[in-house]
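Okay, structure first, notes after.
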Amino acid sequence: MLAGKQIILGVTGGIAAYKAVYLLRALQEAGAEVRVTMTPAATRFVGIDTFASLSQHEVAVEVFPDGQHTPESWTQHITWGEWADLFIIAPCTANTLAKVAHGFSDNMLTSAVLAARCPLLICPTMDGEMYNAPSTQKNLEIIQDFGYHVLEPEEGYLASRLEGKGRLPETEVILNKTKNILSSKKKVDGPLTGKKVVVTAGPTREHIDPVRFISNPSSGKMGFAMAEAAKKLGADVTLLHGPVSLSLPDEVSTQKFKSAAELFDLVKQHANADVIIMAAAVSDFTPAEQHDHKVKKDSASTKLELQQTQDILAWLGEHRKNGQIFIGFAMETDNLLENASKKRTKKNIDWIIANSLSDADAGFEADTNTVHLIGDTSTEKFSGSKRAVAQKVLQYIFKA
Ligand code: CTP
């Protein structure tokens, strides 16, 4: 599966560094050529010579190694970055994660990350409390926004003798993720090849105060399925998603939003995309006033004043450029086709995918769906798993 693939394995200074030796062997057994870069701290856990002899290649640690002053050594991080098909950092300490999130290049590993032109797979590994620390969680969000792949650590017995989330996943798990990333990197030749497709998914949250919000039960499943289906047709996909508990699809750039206003800002940034699919369940209303502090019930009013949010799809329809295709969703309980069709014309969009909440196999949380795809001149009905429905809809629209 990995025959001919060139992989940089970055090892950082944590107790799990010894497990990177097994990972190196497993990658080689799967056919990959592996080069290792270690942070100076990692060399305290495993000897450089172990990785050098197994990889049969010099191990890079410092950008300015003592005694080596050749033009090749000055640009080694650049040539390695160009060489790799994939860069794995396993284990990745909180310290290296922070450096990667903020663009530091103070050793060979972090410099090669900046120079890399390939996908990155980061395996955060640390004590449970360090993993849960707000700064670590924020840094994980940042690197996921960059489009880096993150393999979540496993729960279990940690070196600190505490139980928690922070263990490096088994070699097999990292290997499977590696194969996944590298196989999905294959260039697809489809009707959306070369096209930029933006998909929005999941619910919004409109906060009343830090502990209360208005939202809806959208799971994000349909939007995620649309993103995967667009990817399969060859598109360069950006998925904008609200708070959902779904695994992020491979080879798709992702950005998070919480409120309708945040989503509107993101959509404006991507408003030039060739295709925009609005599957997000955007709140139509937001509290007129948002409190910074928790509102105490004794002082709270029993009435909540609301104001309308921006209709993002209608804004796109108003600002459309030649050749753009906009696809919306309509969730209705009554007069499905009539109401959905009106929304399509009113919002000046090309296609609307109408869902009826009264269909037994459809709805926010379900894995299946029945939809009516309404266009200018035709209406088609599709049923099946949300994945299958997403594929059928996009194949129909783009005549795949
Ligand atoms: N939508 C949007 N911005 C909003 C509300 C909805 O872009 N503020 C988009 C949704 O993502 C969806 C489509 O508009 O693609 C239709 O959403 P829906 O909630 O069904 O319709 P509304 O326009 O909100 O109308 P109503 O709630 O009155 O049915």
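The values are calculated or read from the model by the stated rules, or taken from the named source; none is laboratory data. On a predicted model such as this, the values are computed, not experimentally measured, just so you know. When we count neighbours, we look across all protein chains shown, and the Cβ atoms used for this are built from the backbone with ideal geometry, even at glycine. For the accessible areas, the whole protein counts, side chains as well, though only heavy atoms, and no ligand, DNA or RNA atoms are used. Shrake-Rupley method; radii C 1.70, N 1.55, O 1.52, S 1.80 Å.
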*asked:* If the elastic network links every pair of Cα atoms under 10 Å, which of Q307, Q28, Q255 fluctuates the most in the Gaussian network model of the chain?
replied: Q307
_Phi-based couplings in Hz for the range 150-157 (Karplus 6.51, -1.76, 1.60; Gly and Pro marked x)_ = 10, 9, 5, x, 9, 7, x, 7
*Excluding S259 itself, what net charge comes from residues whose Cβ is under 9 Å from its Cβ, given Lys and Arg +1 and Asp and Glu -1?*
0
_Give me the percent relative contact order of the chain, please, defined on Cα pairs under 8 angstrom at least 6 residues apart._
11 percent
*asked:* Just the number please: accessible area per residue for the chain, 1.4 Å probe, all protein chains included, in Å².
replied: 49 Å²
*How much length is gained on full extension from N335 to K303, taking 0.36 nm per residue of separation minus their Cα-Cα distance?*
8.4 nm
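Rank-order 310-321, 6-17 by packing density, defined as the average count of other C-beta atoms within 10 Å over each peptide's residues, highest first.
6-17, 310-321
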_I208 long-range amide H proximity, modeled H, under 5 Å_ = F213, I214
*Please go through the residue pairs K5/K179; K179/K221; K195/K231; K195/K321; K195/K342 and name each one whose alpha carbons sit more than 18 Å apart in this structure.*
K179/K221; K195/K342
*Heavy-atom SASA rank of Y157, Y131 (probe 1.4 Å, accessible area, largest first)*: Y157, Y131
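Quick one: if the Förster radius is 45 Å, what FRET efficiency do A30 and K346 give, using the C-beta to C-beta distance and rounding to 0.05?
Using R0 = 45 Å, I get an efficiency of 0.25.
So what is the calculated 222 nm ellipticity per residue for the chain, using -39500 (n - 2.57) for each DSSP H run with n of 4 or more, over all residues, to the nearest 500 deg cm²/dmol? Let's see the in-between values first.
On the way: 14 runs with 131 residues, N = 400.
After summing the helix terms and dividing by the residues of the chain, the value is -9500 deg cm²/dmol.
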_Angle between the chain longest axis and helix 134-145 axis [Cα atoms, degrees, rounded to 10]_ = 80 degrees
*Using heavy-atom solvent-accessible surface (probe 1.4 Å) with all chains present, what is the largest-first order of I353, I78, I325?*
I78, I325, I353
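Given the chain, what percent of its DSSP beta bridges are antiparallel, to the nearest 5?
Of all bridge pairs located within the chain, approximately 35 percent are antiparallel.
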_Please compute the contact order of the range 6-184 in relative form: average sequence separation of alpha-carbon pairs under 8 Å and at least six residues apart, divided by the residue count, as a percent._
22 percent
*asked:* So, R0 is 41 Å and r is the distance between the beta-carbons of N272 and A52; what FRET efficiency does that work out to, to 0.05?
replied: 0.30
_Testing the spin-label approximation: label points 7 Å from Cα along Cα→Cβ at K321 and Q137. State their distance in nm._
3.8 nm
*Amide H of N348: which non-local residues (sequence gap of 5 or more, or other chain) have their own amide H closer than 5 Å, using H built in the peptide plane?*
none
_Förster radius 35 Å - calculated FRET efficiency between H291 and D359 (Cβ-Cβ, nearest 0.05)_ = 0.35
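Which order do peptides 215-222, 386-393 fall in by mean Cβ count within 10 Å, highest first?
386-393, 215-222
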*For the range 325-400, just say rounded, prolate or oblate: build the C-alpha gyration tensor, square-root its eigenvalues into a ≥ b ≥ c, call rounded for a/c under 1.5, and beyond that prolate if a/b exceeds b/c, oblate if not.*
oblate
_What distance in nm separates the two pseudo spin-label positions at T43 and S160, each 7 Å out from Cα along the beta-carbon direction?_
2.8 nm
_Long-range amide H partners of V63 with built H, under 5 Å_ = M108
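Ordering Y396, Y148 by accessible area with a probe of 1.4 Å, largest first, what comes out?
Largest accessible area first, the list is Y396, Y148.
Explain nothing, just the number: dipole magnitude of the chain about its Cα centre with +1 on each Lys and Arg Cβ and -1 on each Asp and Glu Cβ, in debye rounded to the nearest 20.
Using only the charged Cβ atoms, the result is roughly 640 debye.
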*asked:* Between D189 and A261, what is 0.36 nm times their sequence separation minus the Cα-Cα distance? Round to one decimal in nm.
replied: 22.4 nm
